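Each value in this text was obtained by applying a stated rule to the coordinates, not by laboratory testing. The structure presented is a predicted model; accordingly, all values stated were derived computationally and were not measured. Cβ atoms come from the backbone with ideal geometry, glycine included; neighbour counts cover every protein chain shown.
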Amino acid sequence: MRSLAAGFVFAFSPAFAGVVLAADKAGPEAFNNHCRTCHSRKEGDNRLGPTLHGIVGRKAGSASGFSYSEAVKSSGVTWDEASLDKFLTNPNGFLPNNNMKPFSGIADAETRTQIIDFLKTNPD
Ligand code: HEC
């Protein structure tokens, strides 16, 4: 009986570890697929788009050294989960005439949540 129980634990734990790992990787993968062409998460590292370091809680248009559109600069938005979710769903619907192009938005809510959760963490 004991060895049967041990067998169960042994058989199921790798599967469980796989699920945990998949959840950890979903955010970074989604960010790499959708954002990384234009954005870095490193502080001060502006590319085609401004650095996304500390973006959750940051005022829109405030990465120093980046030349923003008037639409973002004068939006009065402070990025939080709700405003990021709207912007990433439909950038032009949320801030018309912004320069985040070509990027037409992410329709899948789960993918958006994974990316926003990932953006709450910052690399060293
Ligand atoms: C094609 C390049 C490109 C892609 C892809 C892209 N962005 Fe951008 N992003 C930009 C540019 C350019 C701006 C500046 C827009 C402006 O000034 O109007 C910007 C601005 C932003 C801002 C506002 C930053 C601030 O400091 O106010 C956020 C937030 C943002 N992007 C998040 C994302 C996320 C998250 C993704 C992936 C889901 C993404 N972007 C994909 C180019 C891109």
Completion exercise
Amide H contacts under 5 Å for VAL77, restricted to residues at least 5 apart in sequence or on another chain and with H modeled in the peptide plane, are ALA60
Completion exercise
Phi angles of region 111-124, converted by Karplus (6.51 cos²θ - 1.76 cosθ + 1.60, θ = phi - 60°) into ³J(HN,Hα) in whole Hz with x for Gly and Pro, give 4, 4, 4, 4, 5, 5, 4, 5, 5, 6, 9, 10, x, 5
Handout entry: Net lengthening on full extension, ASN46/ASN122 (0.36 nm per residue, minus Cα-Cα)
Key = 25.9 nm
Handout entry: Built amide H within the under 5 Å cut-off of ARG47, gap 5+
Key = SER40
Fill in the blank from the handout: region 27-119: spread of alpha-carbon positions along the three principal axes, whole Å, largest first, is 29, 27, 24
Completion exercise
Cα extents of region 71-124 per principal axis, largest first, Å, are 30, 25, 19
Completion exercise
As straight-line cross-link partners of LYS25, the qualifying lysines (C-alpha separation under 21 Å, not fewer than 8 residues apart within one chain) are LYS42, LYS120
Exercise for the section: With a Förster radius of 25 Å, plug the Cβ-Cβ distance of SER64 and SER104 into 1/(1 + (r/R0)^6) and report the FRET value to the nearest 0.05. Expected result: 0.35
